Amino acid sequence: MAKPMNHADKLQYMTQTPLPRLVVQLATPAVVSMLISSLYNMADTYFVGQIGSVSASGAVGIILPIMSLMQAVGFMFGHGSGNHMSRALGAGKVEDAEKMAATGFFSAFAVGLVIMLVGLLFPVQLCSLLGATETIAPYAREYLMYLMPGAPFLVSQLVVNNQLRFQGSAFYGMIGVTVGALLNVVLDPIFIFGLGMGVSGAALATSLSQIVGFCVLLGMTYQKGNIAIRPRNFTPTLTNYREILRGGIPSLARQALTSISTIVLNTAAGVYGDAAIAAMSIVGRVMLMGNSAIIGFGQGFQPICGFNYGAKRYGRVREAFWFCVKLCFVALVVIAGLGMLFAPQIIGLLIKDSPEVVEIGALSLRLQCVFWPLFSYVIIANMMLQTIGMAGKATLLAVARQGMFFIPTILLLSRLFGLLGVEMSQAVSDALSFLLAVPIGQGVLRQFKQLEAEQGSEAELQAE
């Protein structure tokens, strides 16, 4: 898009532009946003890993469930309000979209404040609940106390970023996310090493970066063609919250279960010492980096899906779906191949002088790469279901990978195979999730094809 578009121009752009070009144009900034966003955690993992303490590296992994919880809230309000906004804009209902934007934003900020207060008031209890060992707990508490003040801003910036994306303005969201992430990369070494703050410095850098990113993203909503966040449009009605939940529950379930599954993973790995916790934490961050690219591509697909579904252009939804799945599958085959080939080097880059961590992490990364390409179908199908309002099926797919399959799998395999069971559990869960996603996704695509046929029949009757 060379220049800002009004809402009518944007509707035409989303429903008339050739799909391969449209998907790439919308997906590219979304992929960049997700990759850069994942740098928040990856930067902390890398710089804390250079401290040379396995316990310090483990602390970053221990606090990951709290980050996942904040992301769960942000994605729920962002995806829930954004899904509704894209359908409303596709149907030409701009005022409805404006009210939903404000409702999602201010509600998320309020929940972020609650998370902040709980974290600041109960740090000891939270770290214990998250599976911290006695040696990791002091580092985890330090990290948590400096992270919590940024909670409302992290949650809210996720809402704004997703709302911009669902409007077809992913480029504006990318700007805000990029500013915050790059600032985090700059501040991490300054606070950790320059000021001697250690783990606390990593958390403080993350909090400050989230606040700056939040301010930039909020400013992007006032650019021409975007829905601005205005307090007067805040409409906390039961109907609006029902819509937010309908579109956002799958994201909440997916991210919340990521939080729970990480706690279960830390607990299972903790039996084998701090090195196992640190290794699985590093592998999780590496996988998150790769998954972020595919999720970003899926996020580029979502506004296309929402606009065209709202405009009853079902054929374009099907065509865009398969284009995204095929492209993402090929990308993951390449990424997985590189991951298997260079697993020890990748893990070693993120932890200093710890051969035990590298050994455990490298095997786990290689095992997860085996079924990684299947993630392409699972995530695109999940996002399609979520965007068109099929909350039940979308939630089922969302909870499958990190909850319904992963938690029982790791509990069973760790008993049967020990540490190897912990290392292979995510790969088994990914394979099972794919087997569930295929029949659900194909059923919905057949419905689209039937709706297309019915539209064709009606058009023929009207022509006669």
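The values are calculated or read from the model by the stated rules, or taken from the named source; none is laboratory data. What you see is a predicted model, and the numbers here were worked out from it, not measured in a lab. Note: ideal-geometry Cβ built from the backbone for every residue, glycine included; neighbour counts use all protein chains shown. These accessible areas exclude ligands, DNA and RNA; they are computed on the full protein's heavy atoms, side chains included. Shrake-Rupley method; radii C 1.70, N 1.55, O 1.52, S 1.80 Å.
So the values come out like this:
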| quantity | calculated |
| --- | --- |
| Neighbour net charge for Ala362 - beta-carbon separation under 15 angstrom, K R +1, D E -1 | -1 |
| Karplus (6.51, -1.76, 1.60) ³J(HN,Hα), θ = phi - 60°, over the stretch 285-301, in Hz, Gly and Pro reported as x | 5, 5, 5, 4, 4, x, 4, 4, 5, 6, 4, x, 5, x, 5, x, 6 |
| For Ser364, solvent-accessible area (1.4 Å; no DNA, RNA or ligand), Å² | 0 |
| Normalised contact order of the chain, rounded percent, pairs of Cα under 8 Å and 6 or more residues apart | 23 |
| Rounded percent of accessible protein surface that carbon and sulfur make up, the chain, 1.4 Å probe | 68 |
| Of Lys393/Lys449; Lys224/Lys393; Lys224/Lys449, those spanning more than 26 Å from alpha-carbon to alpha-carbon | Lys224/Lys393; Lys224/Lys449 |
| Separation of the Glu359 and Thr267 label points, Cα + 7 Å toward Cβ, nm | 2.8 |
| For the chain, accessible area per residue (1.4 Å probe, heavy atoms of protein chains only), Å² | 38 |
| Those GluC sites (Glu not before Pro) in the stretch 44-136 that DSSP places in a loop and that have at most 12 other beta carbons within 10 Å | Glu134 |
| Using distinct alpha-carbon pairs, which all enter the 1/r mean, Kirkwood radius of the chain in Å | 22.3 |
| Where only alpha carbons of the stretch 299-407 are counted, the Rg and the Dmax (Å) | 17.7, 57 |
| Top positive-direction residue, dipole computed over the stretch 254-354 with Cβ charges, set Val317, Ile282, Asn266 | Val317 |
| Dipole magnitude of the chain about its Cα centre (Cβ charges: Lys, Arg +1; Asp, Glu -1), debye to nearest 20 | 900 |
| Karplus 3J(HN,Hα) series, Hz, for the stretch 331-343 with 6.51 cos²θ - 1.76 cosθ + 1.60 (x for Gly, Pro) | 4, 6, 4, 5, 5, 5, x, 5, x, 5, 6, 10, 4 |
| Distance between the stretch 184-243 and the stretch 41-87 - C-alpha centres, whole angstrom | 13 |
| Centroid-to-centroid separation of the stretch 17-34 and the stretch 341-408 [C-alpha atoms, Å] | 23 |
| Full-stretch length increase - Leu411, Val438 - with 0.36 nm per residue and alpha-carbon distance subtracted | 7.2 nm |
| Accessible area in the full protein assembly, largest first, 1.4 Å probe, for Tyr143, Tyr172, Tyr241 | Tyr241, Tyr172, Tyr143 |
| In sequence order, calculated HN-Hα J values of the stretch 86-95 (Karplus, 6.51, -1.76, 1.60; Hz; x Gly/Pro) | 5, 5, 5, 5, x, 8, x, 9, 5, 4 |
| Cα convex hull of the stretch 226-334 - mean projected area over all directions, nm² | 10.6 |
| Per-pair calculated FRET efficiency, R0 = 22 Å: Glu95 and Tyr13 via Cβ, rounded to 0.05 | 0.60 |
| FRET E, pair Phe234, Val330, Förster distance 35 Å, beta-carbon r, rounded to 0.05 | 0.20 |
| Length-normalised contact order for the stretch 62-175 - Cα pairs under 8 Å, 6+ apart - percent | 41 |
| Accessible surface of Thr133 - all protein chains present, 1.4 Å probe, nearest 10 Å² | 30 |
| Dipole moment magnitude, nearest 20 debye, the stretch 186-283 about Cα centre, only Lys, Arg, Asp, Glu C-beta charged | 620 |
| Cβ-placed point charges (K, R +1; D, E -1), dipole of the stretch 88-143 about Cα centre in debye, nearest 20 | 40 |
